[in-house]
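Peer 1: Below: one structure in structure tokens.
The values are calculated or read from the model by the stated rules, or taken from the named source; none is laboratory data. Because the structure is a prediction, the values reported are computed rather than measured. Glycine also receives a Cβ, built like all others from the backbone with ideal geometry; neighbour counts cover every protein chain displayed.
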Amino acid sequence: MAALKIVIVMFALAPLALFDKRANITKSVILRNWLLVALGNLIGAVAVAYLVALTFIMNFSVEPGAVGQAFIKASTARSLGFAEHGVDGWITVFVKGILCNWMVCLGVVGSMTPKSVGGKTLAMWFPIFIFFALVFEHAVVNMYLFPLGMMLGAEFTIMDWLTWNQLPVTLGNIVGGLIFTGMALYVTHAKTLPAKQA
């Protein structure tokens, strides 16, 4: 959940400081933040994928069992499966990225409102359940899924993953977080704030 909270801050809330013209916040600061958070998530996701792969295939000495095969099938379907449809597949993944981060951001923002732990849990759980149930695409989740699939023997390349999943998903996540959540919050709430003191 910590990675999901970082993503909402990264795509939805951090740019709001730029829109509000906060001191020392520039486009380059936001982009640097996005790149550093993405790099940290990628390093962590690949490290965990390696450890999980190691447990599935006995330190890379045997073929993956049923669970490993399921990861191979899922990662292949969500890369080469979209590639089969060309531009239509790319657009589909992009829209899945928008819807995913919209749900994730709603869950995290929703969890900030209730006072009780139960209320926070429910406000967070429903939108994130929708994201998982409808198999939307999340950039950070995919930084784990695709390397794991490749480590287990999936037959697609890093370029297949980047072109047909990671790039459109990341762009979709930015739109879902920034436009559907961040801008919606900014447009509906920024004008209700008291005037800033000089």
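Peer 1: Considering 139, 83, which residue is touching a residue at least 60 places away in the same chain (Cβ under 8 Å) and buried (at least 22 other Cβ atoms within 10 Å of the Cβ)?
Peer 2: Answer to the selection: 139.
Peer 1: Just for the stretch 60-77: of the residues that are of a type in the set (Val, Ile, Thr) and touching a residue at least 24 places away in the same chain (Cβ under 8 Å), which one is surrounded by the most Cβ atoms within 10 Å (Cβ to Cβ)?
Peer 2: Only one residue tops the list, namely 72.
Peer 1: Do we find a residue being part of a helix (DSSP H, G or I), modelled with pLDDT of 95 or more and out of contact with any Ser or Thr (no Cβ under 6 Å at 6 or more places or on another chain) anywhere in the stretch 153-161?
Peer 2: yes
Peer 1: Let me ask another. Can you tell me which residue among 53, 83, 2 is at pLDDT 95 or above and closer than 17 Å to residue 144 by Cβ? Quick ask: steps written out before the conclusion?
Peer 2: On the way: 83 fails: closer than 17 Å to residue 144 by Cβ; 2 fails: at pLDDT 95 or above.
One residue alone meets the criteria, 53.
Peer 1: Please work out if residue 17 is more than 24 Å from residue 132 (Cβ to Cβ), of a type outside the set (S, T, N, Q), modelled with pLDDT under 85 and outside any loop (DSSP other than H, G, I, E, B).
Peer 2: Taking the combined requirement at face value, the residue satisfies it.
Peer 1: Give me the pairs: first residue in the stretch 142-154 and closer than 11 Å to residue 51 by Cα and in contact (Cβ under 8 Å) with a residue 40 or more places away in the chain, second residue assigned to a helix (DSSP H, G or I) and of a type in the set (Phe, Trp, Tyr), beta-carbon distance under 8 Å, and six or more apart or on different chains, which are they?
Peer 2: What qualifies is 148/71; 151/50.
Peer 1: Something else now. Go through 76, 92 for me and flag whichever is among the β-branched types (Val, Ile, Thr), under 24 Å from residue 152 (Cβ atoms) and part of a helix (DSSP H, G or I).
Peer 2: Unique residue meeting the criteria: 76.
Peer 1: Among (1) under 17 Å from residue 142 (Cα atoms); (2) at pLDDT below 95, where does residue 120 come up short?
Peer 2: (1)
Peer 1: OK, next. Can you tell me how many residues within the stretch 33-59 are surrounded by 13 or more Cβ atoms within 10 Å (Cβ to Cβ), part of a loop (DSSP other than H, G, I, E, B) and without any contact (Cβ under 8 Å) to a residue 60 or more places away in the chain?
Peer 2: 0
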